[in-house]
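Taking it in order: structure first as C-alpha cells, then the write-up.
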Amino acid sequence: MALLCGSLFRSSHFSLLSSHLIGNLRVCKRAVYPQSSWRTTISTSVRLRASLTGRTTSYQIYFKATAPLPCGPVLTPCGHCFHTSARLRALPAPLIWMIIKPLQKIMAIILGRSIRKWWVALPDNRRQLVRKYAWQKRWHLAGGAGVAIMIVALFLLTHLDESPLTGRTRLLVFSKENYMEMAALTSDAYMEEYAELLVPVTDPRHQVVEWVVQHLAQRNKDIPEVSDISWTVHVVQSPSVNAFVLPNGNVFMFTGMLEAIADVHQLTIILGHEMAHALLGHAAEQASVSHVLELLSVVLLIAIWAMCPHDSMSMLGHWVQGKLREFLFHRPFSRKLEAEADQVGLQLAAKACADVRAGPVFWQQMELRDQLSGEPTLPEWLSTHPSHRNRVVQLDRLIPEALELRERCVCPALPATDPRDVFSKSVRVLLENTREERSEGPERGDKPLLTRSPTSVPTRLPAAFLAQTALPSSPDADLLSKGPVPAAVPERVMAARATATAAEEGSQHVLQSTS
C-alpha cells in the first residue's frame with residue numbers, strides 16, 4: 001500500500017487516477033466455512049487499475065483473517081470478536097504495607113552496615129578526601145536535604161483529612177476503600193479463628209448484643225457513617241474481657257466482657273465506644289501514622305547501623321530507637337484515640353437513651369475488679385489505653401453534655417438515683433464489712449458478709465435482660481430506661497450495692513456506720 005501511494009504521488013498523471021479509480025475498483029470476497037472446523041477464512045481481493053503513462057498498472061492486495069463461526073444462521077461473515085478477561089484485583093494498600101514493613105527494615109540494616117564496612121575499609125588518605133569533598137559540597141547536600149523535607153511536608157499536607165464526627169484534623173494515607181478491603185480480610189481471619197467459639201444466634205447473650213447494636217444504629221441513623229454500614233454481631237465464648245468492631249461493621253463481643261457488665265446501660269456505652277472506633281476510622285488513621293513513622297525511622301535506622309562501630313551497639317541502638325518510637329508516639333496516640341472514642345461513644349449512647357451516668361461506674365467496676373483479682377496495674381504511660389481512673393474523670397466531665405443531648409432526643413426521664421453514688425456507697429459498705437471481717441477474725445466463720453434477699457443479686461445477664469426487655473419488632477427507647485441487667489461483677493460488690501440502695505431509701509444506719 002505504501003508503494004502504491006508513493007507511485008501515485010510521484011506520477012504526473014495522478015489527476016487522471018481519480019476519474020478511473022471508482023469505475024475500475026473491484027472487490028471480491030470469498031468466505032469458506034469448513035465442515036470440520038469452527039473457524040472461518042475470509043479472503044479479500046482488491047484490484048486497482050489506472051492509466052499511467054499509457055500503461056495499465058494493476059495492484060492486488062489480499063487480506064486473510066480468521067474469526068469464530070457464529071451460532072445460528074449467518075448472512076455475512078463476522079469481523080473480529082473480542083472478549084475481556086476477569087479484572088485483576090490489586091492487594092489492599094495496608095496489606096502491602098504490612099508485607100513491605102519488615103523488608104524496609106532489613107534493607108535499612110543492610111545498607112547502613114554496608115556503609116560502615118565501606119568506611120572502615122577506606123585508607124586514611126581516602127577518608128580525608130571524602131571529608132573534604134563533603135565539606136565542599138555541603139551546600140548542595142543541605143539543599144538536597146531541604147528538598148527532601150519539603151517533599152515529605154507536601155506529602156503530609158496533601159493527606160490531611162477531617163474526622164467525620166469530631167472535626168479533628170488527622171493524617172490519612174490509606175483510602176477508605178482500600179482499608180475496607182483490608183477489614184474484610186481481617187474479618188474473614190477472625191471468623192476462621194473463632195469458628196468453633198461463636199455463640200449461636202439463638203443464645204440469649206447473642207440476642208442481647210444484637211438488640212443493643214441495632215438499637216444504637218437505629219437511634220443514630222442520622223449519621224451517614226452509621227447508616228452506611230451493615231452491622232453484624234458475633235459473640236465469642238471466651239473469658240477475655242474484650243470487645244471490638246471492625247471498620248466494615250463486624251462486631252465481636254466476648255462473653256468475658258458480658259460478665260463484667262452490670263446492666264444494659266453499660267452494655268450500650270461499651271458498644272457505642274467500640275462502634276465509635278469504626279465510625280471515626282481510627283484503624284486507618286493509626287495505620288497511616290504508623291506507616292509514616294516507619295518510613296521516617298528508616299533514615300534514622302540507616303544512620304544507627306552506619307555510625308555504630310559494632311553490630312552489638314547497632315542492635316542496641318535499633319532496640320532503643322524502636323522503644324522510643326513506641327512510648328513517645330504510638331502509645332500516646334493510641335490513648336488519644338481511645339479518649340476520643342469514649343467521647344463519641346457516650347454521645348451515641350445518649351442518643352440511644354441510655355443512662356450515660358453508668359459509664360464511669362463501669363470503669364470503676366473494672367478498677368475494683370483488677371484490685372480484687374490482684375492483677376498488676378501498669379502505669380498509664382506504658383499502656384495503649386487510658387487508666388481506669390482517668391477514664392472515670394473524663395467521662396464525669398462529659399456527662400453533663402451527654403445528658404443535654406439525651407434530653408434533646410426526647411428520651412424518658414432518668415431515675416433520681418445516680419448510679420455513681422450508689423456504686424460509691426456500695427464500695428464503702430464493702431470496705432466496712434471487710435474491716436469487720438478482719439477484726440472479728442475466725443469467730444465470724446462461714447457467715448455471709450452481707451445479708452441480702454435472694455433477689456438482691458440477679459441470676460445472669462442475658463436471661464434477666466430478656467425477661468425485662470423482649471426483643472420488639474422496632475427498637476423502643478423506653479426499654480433502656482428499665483431496671484438493671486445483672487452481671488458477673490463480684491457478688492460482694494453486688495451485695496454491697498443492694499445494701500447501699502436500701503440504705504439510701506431509709507436504712508441510714510448502714511451509711512452512718514461507714515462514715
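The values are calculated or read from the model by the stated rules, or taken from the named source; none is laboratory data. Please read all numbers here as calculations on a predicted model, not as lab measurements. To get the accessible areas, we keep the full protein, side chains included, count just its heavy atoms, and leave off ligands, DNA and RNA. Shrake-Rupley method; radii C 1.70, N 1.55, O 1.52, S 1.80 Å.
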Mind jotting down the distance between the C-alpha centroids of the stretch 102-165 and the stretch 309-368, whole Å? 33 Å
Roughly how many percent of the accessible protein surface of the stretch 297-397 is carbon and sulfur, given a 1.4 Å probe and a whole-percent answer? 65 percent
Over all directions, the average projected area of the alpha-carbon convex hull for the stretch 257-359 comes to how many nm²? 8.3 nm²
Residues whose modelled amide H sits under 5 Å from the amide H of V233, counting only those 5 or more places away in sequence or on another chain, are V251
Please quote Rg/Rh for the stretch 280-416 to two decimal places, taking the Kirkwood radius as Rh and restricting both calculations to Cα atoms. 1.16
Cross-link partners of K137 among aspartates and glutamates (Cα-Cα below 19 Å; sequence separation of 8 or more within a chain): none
Tell me, rounded to the nearest percent, the portion of alpha carbon pairs in the stretch 170-275 spaced more than 25 Å apart. 22 percent
